[in-house]
Amino acid sequence: MPKPKFRLAMTAAAAAALMTGAGWAQDKPARLDLGVFTFLSGPSAAYGLPGKQGAELMIERINAQGGIGGVPVSATYVDEAQGAEGVIAEYRRLAEGGRAQAMIAALSSGNCLALSPLADQLKMPTIGWNCDTHQLFLKDQPDYFYRPNGNTIAEFMAYTLYFLQQHPEVKRVAIINPDYAFGHDAAEIVKATLKAVRPEVEIVAELYPKLGASTYQTEISRLSAARPDVVFSNLWGGDLENFVRQAGPRGLFRQSAVVLALGETVMQRVDLPEGTIVGVLGDGWWMSPDARTIGEAEPFAAAYREKYGSDPVFPTIKMANSLIVLKAAYEKAISDNDGAWPDREQVVAALEGLSVQTLTGTTTFRDDNDGVVDQVIGTVGRAEGVDRPVMTGMVRYDGEALLAPVGQDPIAWIGTLTPDFLADLPRPGSYN
Amino acid sequence: MRKPIPLLVAALALLLLVPVAFPHLKFVITLAVAKGFAALGVALLLRGGLISLGHAMYFAIGAYATAFLGSKAGVSDLVLLLVASTAVAALAGLVFGAFLVRYRAIFFAMLNLAVSMVIFALTSKLYGITGGTDGLRVAVPTVLGWAPGKAAFDGFLFYLCILLMVVLGWLVHRYLQSPLGHALSAIHTNEVRLEYLGVSAWQTLLTSYTISAALAGLGGALAAMSIGHVLPEFAFWTESGHLVLTAVLGGIGGVAGAFIGSVFLEILHTVAVGVAAEAWNLIIGLALICVIFFLPRGIYGLIEARRGSTKETGL
């Protein structure tokens, strides 16, 4: 039992707190706490950790410039490898315990699907930093969940269009994707795009190796036997490294043009043969001409190299861009609120239709909370003055053109495209 | 026989205070109780000397039944959903159990594992029906005509879980005290003698297997409503292993053990993740080693030890 005097003091303090609370409802907090969700353990950490490092560095840089509206930012990192239940429990703990005012979540699409209704229930502004399934905003229209990096439709359409432009003679296409929703969604989009703009192309193999498989020899044999002109893959992380290491010696890269949708993430770790088509699932290539014009990506990359000993990869940039979007939303909400610190509803109101310049381009939120970003794709090659492989022969597709209008079934929308669609697009190599 | 009832009542009272004292733990405890039902199912079979390495499948069947009934069949009433999902899981238990309970020891464990991985593969590969690894969403159900918001429903579900835990815990306790329950323990001690007494081991086990599947299914349905999303990982073998661990850790001496183990593990998980985002696996592992090393009869063994008796345990 506290002593009477102490109790009196406590009561007074509580009353004072209540009164200030009533007087200036939105007093500036001492700091802005964020919950940041990514994979920190297990195989997916190969992709999740560069994201976390991106958040650490970006928050450091934001704070060095005075934080958001003068308030320093701090983050609690949550490991998505604990499964959806654990992720939800942590999200709730951070939200309901008052330990976070906004969330950057999540990497996995399954987790985003589980979290988006929760964001609305808990009225928690949430930025989906990486999950890109086009299912996310298809049925539900959450008010508090925003995704600045667009979705799978634009991403995988862009790859298909790029390889069709670069290899116009292509007749046979093979697909090798991981066996879960991400791999199957991508295959469906690639096939739908081919059917619409180049109906004569034949899918000669469609392989779905298990996520986390250690050997791909069987798949590589089948790919070799199918003699595809183009091999499309959205394998990622350790899986992609294994696949590249095993497919290289067996001549797959000489036999076919290979499209590795997440190839940029492993470019520093394995030898991707020149001519391999890679991209960044959006515009997050830190050496792109737009990024150079904006001028912030290069110092960011230099600081990243200094801190972590390697170049940033696109998950890093996606994370950094998500933080920039959140910062912009807060700043807009503060100015809309006549300089006073905004509440969560005001932050979400500021996100509505927001257009933000990121490290690598611009993202603009549509009515369905999906951010429209351009799609940058290129081929692995050499550039003067750079001692490691980079993206060359790049193209930058307008993001808007590759997305179904809000409310339309995206796969059905792809079906309405015609071969002319391809002719109107910028050519590979036009973006240098 | 003296029972550790005062201790359990005290623990229950503490649990009831959770939403008041730690609002964010409400979800964790709801989930812990839901998983506790599945662990209780595993503990039941452990009484008969059988380890099931596949019980997460019934948890998943219950969860997916709730998701399907809600989204495809348009059932939105909580009571109906719980009863129907439990029935579906029990039916699945009856069908699979009919051949699984013919096996013992490692064969029983591995066959359960095999069937559960088939269920896992189906939920993750039947992309068009189950949503694959993206899973299915579960809407907030209505309660006998009352349509609460998600926050009100979460509060309601918490207390419903506690109520179900007490009522069903007591029923399972009564079952274990019944001739059928004693026959189950007898399978562990001497199955041949049981058969000579004229009791069918197959029937005894099938009954218990079906009950355990129903319990796991109910847990799955509750978890699905609480989480609001179902995923194939519910049926993955690591989840089944988690259930066995929960049952053993809590102690199979009494019905309460499974729930004690489950609440302990969930809270340990929450604390570990909160303390060290990158080393939570390590903290949980060390804590488990400590419990197994120092409490060989599980956490429930602590309560039993206080009674200072070696009698066969009841509650």
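The values are calculated or read from the model by the stated rules, or taken from the named source; none is laboratory data. Keep in mind that this is a model prediction, so the values were computed, not measured. All Cβ positions, glycine included, derive from the backbone under ideal geometry; neighbour counts span all protein chains shown. Heads up: the accessible areas ignore ligands, DNA and RNA and are worked out on the full protein's heavy atoms, side chains in. Shrake-Rupley method; radii C 1.70, N 1.55, O 1.52, S 1.80 Å.
Observations, loosely collected:
- Mean per-residue shielding of peptide B:261-273 is 2, counting Cβ atoms of other chains within 10 Å of each Cβ.
- Using alpha-carbon coordinates, inclination of helix A:83-96 to the longest axis of chain A, degrees: 30 degrees
- Sequentially through segment A:292-307, phi angles give Karplus couplings (6.51, -1.76, 1.60; θ = phi - 60°) of 5, 5, 5, x, 9, 5, 5, x, 4, 5, 5, 5, 5, 4, 4, 7 Hz, Gly and Pro residues having no value and appearing as x.
- Dipole of the protein assembly as shown [Lys/Arg +1, Asp/Glu -1 at C-beta], most positive-end residue of B:Thr130, A:Pro289, B:Phe158: B:Phe158
- The calculated Kirkwood hydrodynamic radius for segment B:108-220 is 17.7 Å, given to one decimal from all distinct C-alpha pairs.
- Between segment A:395-416 and segment B:174-221, the alpha-carbon centres lie 58 Å apart.
- Between A and B, roughly 2600 Å² of accessible area is buried in total, ligands, DNA and RNA not counted and the probe set to 1.4 Å.
- Note on segment B:22-235: with charges restricted to the Cβ of Lys and Arg (+1) and Asp and Glu (-1), its dipole about the Cα centre is near 100 debye.
- Relative contact order [Cα under 8 Å, 6+ residues apart], chain A, whole percent: 17 percent
- Surface composition of the protein assembly as shown: carbon plus sulfur atoms contribute 62% of the solvent-accessible area (1.4 Å probe, protein chains only, all chains present).
- Only Cα pairs under 8 Å and 6+ residues apart enter the sum, and on that basis the relative contact order of segment B:22-235 stands at 47 percent.
- Rounded tilt (10° steps) of A:4-23 against the dominant C-alpha axis of chain A: 60 degrees
- Pairwise label distance in nanometres, B:Leu12 with B:Ala279, each label 7 Å out on the Cα-Cβ vector: 4.0 nm
- Long-range HN-HN contacts of A:Asp33 with modeled amide H, under 5 Å: A:Ser74, A:Gln101
- Backbone phi angles across segment B:31-37, fed through the Karplus curve with coefficients 6.51, -1.76 and 1.60 (θ = phi - 60°), yield HN-Hα couplings of 5, 5, 5, 4, 5, x, 4 Hz in residue order; Gly and Pro are listed as x.
- Percent of beta bridges antiparallel (DSSP, the protein assembly as shown, rounded to nearest 5): 40 percent
- Remark: spin-label model distance B:Phe107-A:Lys195 equals 4.8 nm, labels positioned 7 Å along the Cα→Cβ axis.
- Within 10 Å of each Cβ in A:75-88, the average number of Cβ atoms from other chains: 5
- Burial of 50 Å² or greater, segment B:126-171 residues [accessible area, probe 1.4 Å, versus chain by itself]: B:Tyr127, B:Thr133, B:Asp134, B:Arg137, B:Lys150
- In chain A, the longest principal axis of the Cα atoms and the axis of helix A:152-166 are about 30 degrees apart.
- Magnitude of the charge dipole, chain A, Cβ model with Lys/Arg +1 and Asp/Glu -1, debye to 20: 1100 debye
- Distance-filtered residues of segment B:91-106 - backbone nitrogen under 17 Å, label point 7 angstrom along B:Lys72 Cα→Cβ: B:91-92
- Cα-centre dipole for segment A:108-187 with unit charges at Cβ (Lys and Arg positive, Asp and Glu negative), debye to 20: 100 debye
- Built amide H within the under 5 Å cut-off of B:Thr142, gap 5+: B:Asp77, B:Leu78
- Listing of segment B:1-47 residues, each with accessible area lower by at least 40 Å² in the full protein assembly than in the chain alone (probe 1.4 Å): B:His24, B:Phe27
- Between segment A:211-248 and segment A:119-144, the alpha-carbon center distance in angstrom: 33 Å
- For the protein assembly as shown: accessible area per residue (Å², 1.4 Å): 40 Å²
- Legend: calculated FRET efficiency, A:Leu138 to B:Tyr159, from the Cβ-Cβ distance at R0 = 25 Å, rounded to 0.05, equals 0.10.
- Shape analysis of the protein assembly as shown places it in the oblate category; the axes a ≥ b ≥ c from the Cα gyration tensor give an a/c of at least 1.5, with a/b not above b/c.
- Inter-probe distance in nm under a simple model that places probes 7 Å from Cα toward Cβ, at A:Glu169 and B:Leu302: 7.5 nm
- Fluctuation leader among A:Leu40, A:Leu260, A:Leu122 - chain A, Gaussian network, Cα springs under 10 angstrom: A:Leu122
- Buried on assembly, segment A:155-190 (at least 40 Å² less accessible surface than by itself, 1.4 Å probe): A:Asp179, A:Ala181
- Legend: mean number of C-beta atoms from other chains within 10 angstrom of residue C-beta atoms, peptide A:105-118, equals 4.
- For segment A:168-223: rounded, prolate or oblate by the Cα gyration tensor [a/c cutoff 1.5]: oblate
- Other-chain or far-sequence residues with amide H under 5 Å of A:Phe232's (modelled H): A:Ala174, A:Ile175, A:Ile176, A:Val259
- By the rule of a second cysteine Cβ within less than 4.7 angstrom, the protein assembly as shown holds isolated cysteines at B:Cys161, B:Cys290.
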